[in-house]
Amino acid sequence: MKGIKGRTVIVTGGANGLGAGLVSAFAAAGANVVSADIDEARGAAVVAGLGDNTAFHRTDLQSDVDIERLVGFTAERFGGIDFLVCAACTYADAGGEADRAAWRTAFDINLFGHIVLMRMALPHLRKSEWPSIVNFSSEAAHVGLSARWVYPATKAAIEQVTRSQAMDLAKDGIRVNSVMPGWTAKPWQETAPQEVKDQYAYWANRLHMLGRLGRIDEVADAVLFLCSEHAGFMTGSCLHVDGGHSAMGPQGRDVVLPTTLRKGTKAAQPSKVTS
Ligand SMILES: NC(=O)c1ccc[n+]([C@@H]2O[C@H](COP(=O)([O-])OP(=O)(O)OC[C@H]3O[C@@H](n4cnc5c(N)ncnc54)[C@H](O)[C@@H]3O)[C@@H](O)[C@H]2O)c1
């Protein structure tokens with residue numbers, strides 16, 4: 001993709017899941033990549049073998065000192081910073097039982113840490129020829145979810161902050177967007193018990209127009225696109241990479257038109273699991 005090769009990106013959460021996929025995708029596209037995560041073992045394993053243009057930097061997003069070191073390390077090693085990709089998160093969520101400390105921790109990682117990173121990287125982004133920030137939202141940010149209060153609130157917050165960042169950084173030529181993945185398959189699911197796999201397949205089918213989980217590379221493609229020169233007129237937007245999840249109404253893919261019911265047709269049954 002135009003505009004990725006030779007540029008420098010910090011990927012938070014680069015040790016696992018989508019973040020790890022992003023580290024590999026940016027490296028394959030010829031970018032200099034610094035993976036930032038608290039998980040040192042997995043973080044080092046992901047960058048091993050990806051070449052000299054990829055590094056891991058142990059970073060706790062709850063620590064300003066760590067974030068300052070991450071920014072300093074990246075700028076010194078690669079001569080600047082062009083992109084921030086903010087994928088790290090905690091999913092810890094006790095819903096209505098979450099206490100103040102739990103709320104603080106979740107917001108500290110999912111929101112505050114990424115805002116501090118943006119602030120500290122700003123002098124470097126301002127010097128970049130093609131600066132861009134991509135934040136991670138979630139479909140959970142847009143709906144009420146039983147027993148999940150905290151994580152969705154952090155995601156709604158980062159999606160909103162994305163618009164404010166885009167507004168105020170536009171004068172510096174810095175584009176800021178978010179991505180909203182649907183349920184995305186992760187490597188650990190491949191070795192999960194069959195019962196867990198069946199549950200994922202069932203909900204993937206129910207919740208997405210495309211009837212399946214997303215793939216990490218599909219989300220990575222969208223993030224690279226947002227950073228690339230192909231997305232030069234995009235800022236303040238949220239790109240849905242969700243298999244149609246967020247465009248689907250409460251009836252899912254079932255046919256429940258009142259006219260259908262009036263004709264005496266049997267009421268629609270919930271969609272069958274097909275994958
Ligand atoms: N996987 C999905 O289906 C899905 C769906 C919607 C949105 N998302 C979003 O995509 C992003 C990646 O999700 P994922 O499922 O791959 O996550 P994941 O749980 O697999 O990875 C998150 C990473 O964040 C790191 N992390 C946690 N606390 C940290 C801290 N204090 N400092 C630094 N790193 C820390 C973890 O060590 C981990 O490597 C998240 O922002 C998530 O909200 C994912």
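The values are calculated or read from the model by the stated rules, or taken from the named source; none is laboratory data. Every value quoted in this text rests on a predicted model; they were computed, and no experiment measured them. Don't worry about glycine lacking a Cβ; one is built from the backbone with ideal geometry, like all the others, and counts go over all protein chains shown. Accessible surface is based on the protein model in full, side chains and every heavy atom, while ligands, DNA and RNA are left aside. Shrake-Rupley method; radii C 1.70, N 1.55, O 1.52, S 1.80 Å.
Beyond 26 Å, how much of the Cα-Cα pair distribution for the chain remains, as a whole percent?
44 percent
Taking 23 Å as the cut-off for C-alpha to C-alpha distance, list the pairs among Lys127/Lys155; Lys2/Lys155; Lys2/Lys127; Lys5/Lys171 that go past it.
Checking Cα-Cα distances, Lys127/Lys155; Lys2/Lys155; Lys5/Lys171 exceed 23 Å.
Taking +1 at the Cβ of each Lys and Arg and -1 at the Cβ of each Asp and Glu, which of Ser228, Leu207, Leu122 sits farthest along the dipole of the chain towards its positive end, judged by Cα position relative to the Cα centre?
The Cα lying farthest towards the positive end belongs to Leu207.
Based on the Cβ-Cβ distance from Met234 to Gln160, what FRET efficiency comes out when R0 is 22 Å, to the nearest 0.05?
The computed FRET efficiency comes out at 0.80.
For the chain, what is the charge dipole size about the Cα centre, in debye to the nearest 20, if Lys and Arg each add +1 at the Cβ and Asp and Glu each add -1 at the Cβ?
Computed about the Cα centre, the dipole is about 960 debye.
Which of the helices in the chain, when you take each full DSSP H run, stretch at least 18 Å along the axis at their Cα atoms and have an average Kyte-Doolittle score of -0.5 or higher?
TM-like helix candidates: 64-78, 113-127, 150-169.
Return the FRET efficiency for the residue pair Ile115, Ala48: r is the Cβ-Cβ distance, R0 is 35 Å, and the value is rounded to the nearest 0.05.
My answer for the efficiency is 0.70.
Using the per-residue mean of other Cβ atoms lying within 10 Å as a proxy for protection, in what order, highest first, do the peptides 167-173, 77-83 fall?
Answer by packing, highest mean first, reads 77-83, 167-173.
Would you calculate the separation in nanometres between label points at Ala101 and Ala185, each defined as 7 Å from the Cα along the Cα-to-beta-carbon direction?
For Ala101 paired with Ala185, the spin-label model returns 3.9 nm.
Could you please state how large a percent of the accessible area of region 49-188 is carbon and sulfur, counting protein chains only and using a 1.4 Å probe?
53 percent
Sorted by accessible area (1.4 Å probe), largest first, how do Ser146, Ser228, Ser164 line up?
Ser146, Ser164, Ser228
Please give the residues of region 126-155, grouped as numeric ranges, whose backbone N is less than 16 Å from a label point set 7 Å along the Cα-to-Cβ vector of Lys171.
126-127
About the Cα centre, and with charges only on the beta carbon of Lys, Arg (+1) and Asp, Glu (-1), how big is the dipole of region 194-248? Nearest 20 debye, please.
Here the size comes out at about 180 debye.
Using a probe radius of 1.4 Å on heavy atoms only, what accessible surface per residue do you get for the chain? Whole Å² is fine.
50 Å²
With each label point set 7 Å from Cα along the Cα-Cβ vector, what nm distance links Arg77 and Asp221?
Using points 7 Å along Cα→Cβ, the separation is 2.9 nm.
Put Tyr91, Tyr202 in order of accessible area, largest first, 1.4 Å probe: what do you get?
Putting Tyr91, Tyr202 in descending order of accessible area: Tyr91, Tyr202.
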